[in-house]
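The values are calculated or read from the model by the stated rules, or taken from the named source; none is laboratory data. In this text the structure is predicted, and so the values were computed from the model without any measurement. Methodologically, a virtual Cβ is constructed for each residue, glycine included, from the backbone with ideal geometry; neighbour enumeration extends over all protein chains shown.
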Amino acid sequence: MKFAIITHVVHVKQDGKYFGYSPYIREMNIWGKYVDELIVVAPLTSKRELTKIDDFYENKNIDFRKIPAFSITSLPNTISSIFKLPVIFWKIFWAMKKADHIHLRCPGNVGLIGCVVQILFPGKIKTAKYAGNWDPKSSQPLTYRIQKWILNNTFLTRNMKVLVYGEWEKISHNIKPFFTASYFEKDKTSLKMSNLNGVINFIFVGTLSLGKNPLYAVKLVEGLFKSGYKVSLQLYGEGVERDTLVKYILSNKLENYIMLKGNQNQEIIIQACQNSHFVILPSKSEGWPKALAEGMFWGCVPVATAVSMVPYMLDYGNRGILLQRELTKDIQQLEDILNHEERFDCFRKESSEWSRKYTLDLFESEIERILKK
């Protein structure tokens, strides 16, 4: 089977291998086990070095078709993109024409073009992984709404299974509720002993961006410290908000208990989760946040905003804290659980049990079933 992947993920080629953002690559390596050839249509750059969060495709038979990266976030970028679009359309069209199975990675600019081009191939088998928030009531960019509309439309989009997080109203038979995973059954080691007697450790894992809202995580932990709790926060990730965070931490003298750890590999993140009491993610939008599920897997109590799948993941507040994005109220919520250790223990146990249902073993068996249909 020739399996065409249409994605916005920027790749790097080194030693004959194609590298990209590791959570995406790890997932595609599962799909890649069951196909003969990968046709990858994606941006490729030589302008950056490999990082600790890069990984490579394990399938040896890769037909990589480079397209230019583009965005429409500003007028100059939009003008530049107009000249790139014909090339991108052309390369996606011929990749789809060659493929036996078309796979779109959405939402994203390249995914949007893929959504349009796939209309020309109604007879081909197709899947799309929509990794964003499918909630029709949420406020989202126009390009995201267009992708969702095309994918859900059974006249324009045929022979397609769209894997989305959660179950929603007004969906067509194209849509298949799905999940994601990070760990195997064999990874289910016993949870480390944890109590609230010493320093209470919080962890944030994600891009340091306005959307992920890491500054709110900093302010929550700062508020607990000012209330007299022994706390620490480690933030893992990089992004445009790093300088803002550094300035805030230094100007408010928080550096003794709030630390920026940068991008780290999976092993270090696992160790950090195992040694933390809470995983915090005050995002403005999410799909199925892996960072939250991974923390829960290792016994962290989740603290997150009520967007998309998060209320379901936290059982609507019965195995974690749903943030209201009102600082005083959210600090009070955290204080309530810190003052009732039996409640903390219950949340910890139940969140771990829930997360450990969704393993890579189950994920792989579902992917295999989809590909064999």
When the residues of region 98-125 are narrowed to those that are under 21 Å from residue 38 (Cβ atoms) and small (Gly, Ala, Ser), which ends up surrounded by the fewest Cβ atoms within 10 Å (Cβ to Cβ)? 108
Could you list, in sequence order, the residues of region 240-263 that are surrounded by 15 or more Cβ atoms within 10 Å (Cβ to Cβ), more than 20 Å from residue 293 (Cβ to Cβ) and in contact with a Ser or Thr (Cβ under 8 Å, 6 or more places away or on another chain)? 241, 257, 258
Scanning region 129-166 for residues that are more than 28 Å from residue 273 (Cβ to Cβ) and charged (D, E, K, R), which turns out farthest from the chain's Cα centre (by Cα)? 158
Being assigned to a strand (DSSP E or B) and either out of contact with any Pro (no Cβ under 7 Å at 6 or more places or on another chain) or assigned by TED's automatic domain parsing to the domain that holds residue 284 (or both), is that true of even one residue in region 139-146? no
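Among the residues of region 161-203, write down those that are of a type in the set (Gly, Ala, Ser) and exposed (fewer than 13 other Cβ atoms within 10 Å of the Cβ). If you could, list the steps in order and put the result at the bottom.
As a first pass, look at region 161-203 and keep what is of a type in the set (Gly, Ala, Ser): 166, 172, 181-182, 190, 194, 198.
Of everything in region 161-203, those that are of a type in the set (Gly, Ala, Ser) and exposed (fewer than 13 other Cβ atoms within 10 Å of the Cβ) turn out to be 190, 198.
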Name every residue in region 166-191 that is assigned to a loop (DSSP other than H, G, I, E, B) and free of Cβ contacts under 8 Å to residues at least 60 places away in the same chain, in order of residue number. 167, 168, 169, 170, 171, 172, 173, 174, 189, 190
Checked 237, 206, 223 against criteria (crowded, with 16+ Cβ neighbours inside 10 Å, over 20 Å from residue 299 (Cβ atoms), touching a Gly at 6+ places or on another chain (Cβ under 9 Å) and touching a residue at least 12 places away in the same chain (Cβ under 8 Å)); the one match is 237
I'd like the residue in region 218-254 that is of a type in the set (Asp, Glu) and in a helix (DSSP H, G or I) and, out of all such residues, is nearest to residue 323 (Cα to Cα). 222
Condition set within 25 Å of residue 290 (Cα to Cα) and touching a His at 6+ places or on another chain (Cβ under 8 Å), scope region 126-154, selection surrounded by the most Cβ atoms within 10 Å (Cβ to Cβ): answer is 128
Answer residue from region 303-325, given it is over 16 Å from residue 278 (Cα atoms) and small (Gly, Ala, Ser) and is surrounded by the most Cβ atoms within 10 Å (Cβ to Cβ) among those: 308
Check on residue 266, modelled with pLDDT under 95, of a type in the set (S, T, N, Q) and surrounded by fewer than 17 Cβ atoms within 10 Å (Cβ to Cβ): yes
Are there any pairs with C-beta distances below 7 angstrom linking a residue in region 141-153 that is without any contact (Cβ under 8 Å) to a residue 40 or more places away in the chain to a residue that is in a helix (DSSP H, G or I) and crowded, with 22+ Cβ neighbours inside 10 Å, with the two at least 6 apart or on different chains, and if so which? 150/115
Restricting attention to region 265-314, the residues that are over 23 Å from residue 185 (Cβ atoms) and charged (D, E, K, R) number exactly 2
